[in-house]
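The structure appears right after this line, and notes come after that.
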Amino acid sequence: MKSVSISGSLRENVGKKDAKAQRVQGMIPCVIYGGKEQKTFVVEESLFRNLIYTPEVKFVELSLDGQTYKAIIQETQFHPITDKLLHVDFLEVIDNKPITIEIPFKIKGTSPGVLKGGSLSKKVRKLKVRGLLENVPEDITADISNLDIEDVIRISDINIDNLTIIDNPNKVIVSVNQTRNVVATEEGEEGAEEGAEAPAEA
């Protein structure tokens, strides 16, 4: 998994009034927990551009008070009207301690069912996995080259070394659905076959 480096400054005062003042100055109040102690701090809003506003999932190398912490974003808060970033919670990553994180789910290949006129349905954008940070890939990719009409890929069909997908194994995440075009084509082929088999009139 890719990483991004961010520097923060410890907050001297904690409270709604101070948080609002920090935001006016272009700083985002944050907290990091999961390690020996919880710390509150602020980070320049612009530094989140390549971390939050991107489809990629990255872990953070956070420089804070002379120390560097490995962390992942656990939760974000946005203004309900302006959608402006208000607060970020970081979870400190401890060596040899599993984490739970969502990573992008992608597909590759060409489905024979789609070539026949079927409709491809990708039902999830991300999959939640649990494991050590060192084993978490940038994304999970499924090959659809063998998917025909009415075929599906379920969670149980995805295998990732040293990681567990946190979801129902029977959940369908990709399917190729039959469409009206496929039905019409099949009916047309059947009609043509029946016509070919009919005996010629004398």
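The values are calculated or read from the model by the stated rules, or taken from the named source; none is laboratory data. This structure is a prediction, so every number in the text was calculated from the model and none was measured. Note that we place each Cβ from the backbone using ideal geometry, even for glycine, and neighbour counts take in every protein chain shown.
Below are the figures for this structure:
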item	result
Of all residues in segment 10-30 being surrounded by fewer than 17 Cβ atoms within 10 Å (Cβ to Cβ) and touching a residue at least 24 places away in the same chain (Cβ under 8 Å), the one that is farthest from ILE94 (Cα to Cα)	VAL14
Failed criterion for ARG154 (all others in (1) within 19 Å of PRO169 (Cβ to Cβ); (2) touching a residue at least 24 places away in the same chain (Cβ under 8 Å); (3) among the charged types (D, E, K, R) hold)	(2)
Restricting segment 52-84 to residues that are aliphatic (A, V, I, L, M) and buried (at least 18 other Cβ atoms within 10 Å of the Cβ), the residue that is farthest from SER7 (Cα to Cα)	VAL57
Odd one out for GLN77, checked against (1) in contact with a His (Cβ under 9 Å, 6 or more places away or on another chain); (2) not aliphatic (A, V, I, L, M); (3) not assigned by TED's automatic domain parsing to the domain that holds GLY8	(3)
Unmet requirement for LEU62, which otherwise passes all of (1) more than 23 Å from ASN13 (Cβ to Cβ); (2) in contact with a Phe, Trp or Tyr (Cβ under 6 Å, 6 or more places away or on another chain)	(1)
Counted residues, segment 11-47 - those being under 27 Å from ASN96 (Cα atoms) and touching a Leu at 6+ places or on another chain (Cβ under 8 Å)	6
Residue match in segment 43-66 (condition: of a type in the set (S, T, N, Q) and under 30 Å from SER175 (Cα atoms))	yes
1 or more residues small (Gly, Ala, Ser) and out of contact with any helix residue (DSSP H, G or I) (no Cβ under 6 Å at 6 or more places or on another chain): qualifying strands (runs of 3 or more DSSP E) within segment 1-118	3-10, 59-64, 67-78
Among residues of segment 129-168, those that are surrounded by 13 or more Cβ atoms within 10 Å (Cβ to Cβ) and assigned to a loop (DSSP other than H, G, I, E, B), counted	15
